[in-house]
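What follows is a short report on a single structure.
The values are calculated or read from the model by the stated rules, or taken from the named source; none is laboratory data. Predicted model only: the values in this text are computed from it and were never measured. As a convention, Cβ positions derive from the backbone with ideal geometry for all residues, glycine included, and neighbour counts pool all protein chains shown. Accessible surface areas use protein heavy atoms only, side chains included; no ligands, DNA or RNA. Shrake-Rupley method; radii C 1.70, N 1.55, O 1.52, S 1.80 Å.
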Amino acid sequence: MDNKQKAIQYARAGFRLIPLWWIDENGSCACGDSECGTPASRNNPGKHPLQKLVRDGRDNSTNNVDIISSWWEKYPKANIGLDCSRSGVIVVDVDMHQDKKGNTVNGFETLEDLETTFKEKFDDSVTAETGGGGLHIFYKAPKDFTSCPSGFGRNFPGVDLKFNGYVLLSPSNHKSGSSYRWS
């Protein structure tokens, strides 16, 4: 199933989406900005909104199938961004990365502590493997949930809560050469 078909499927399920730039066949962000991904740019390659279509980024998310279809008709390779809060989901984002001191932060080691702490509050989840080798664990947000606690990563290194932003969905691609996929 191609990106357009998947985006339509997600929209029909009620999820609010935005189109994102993707990684091209040369391994670069398709946005064409030579500084994309550098400290001079605020953009993350293959993960920032196609502002030609969604001028206000996540604020333009929709589950309108006609709009979704037209976006992916214009940009069939666009990555799929899920607006977490407007879709009613909280995503636990588990990664391995380097901290500012160059130390490896392994979110997978932290995940067990997180699961022990919150298991009684959240029980049903859906998991996706990220293109960068991490995990996205999706939970339905409680009805009265309005924001995630700040500083969450200080208590659970390598693990972030995504609610007031967006995450990529399968089959979006990643600069590593891998794609996002459901586990």
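If a/c stays under 1.5 just call it rounded; otherwise compare a/b with b/c (prolate if a/b is bigger, oblate if not). Do that for the chain, with a ≥ b ≥ c from the square roots of the Cα gyration tensor eigenvalues. Taking the square roots of the gyration eigenvalues as a ≥ b ≥ c, the chain is oblate.
Of the solvent-accessible surface of the stretch 34-183, computed with a 1.4 Å probe and all protein chains present, 44% belongs to carbon and sulfur. Loop sites by DSSP among the GluC sites (Glu not before Pro) of the chain, restricted to those with at most 13 other Cβ atoms within 10 angstrom, leave 36-119 as the longest stretch without any of them. Between the exposed loop cleavage positions of the chain, defined as chymotrypsin sites (Phe, Trp or Tyr not before Pro) in a non-H, G, I, E, B DSSP state with at most 16 neighbouring beta-carbon atoms within 10 angstrom, the longest gap is 1-121. Result for the chain in a Gaussian network model with C-alpha springs under 10 Å: among Asn173, Asn106, Asn63, the largest mean-square fluctuation is at Asn106. Excluding ligands, DNA and RNA, the accessible surface per residue across the chain is 58 Å² with a 1.4 Å probe. Taking 7 Å steps out from each Cα toward its Cβ at Ser147 and Glu35 produces label points 3.0 nm apart. Among the trypsin sites (Lys or Arg not before Pro) within the stretch 50-109, those in coil by DSSP and having at most 15 neighbouring Cβ atoms inside 10 Å are Lys52, Arg55, Lys100, Lys101.
From helices alone, the chain scores -6000 deg cm²/dmol at 222 nm; the rule is -39500 (n - 2.57) for each run of n ≥ 4 DSSP H residues, then divide by the residue total. Taking Cα centre as origin and charging only the Cβ of basic (Lys, Arg, +1) and acidic (Asp, Glu, -1) residues, the dipole magnitude of the stretch 24-183 rounds to 380 debye.
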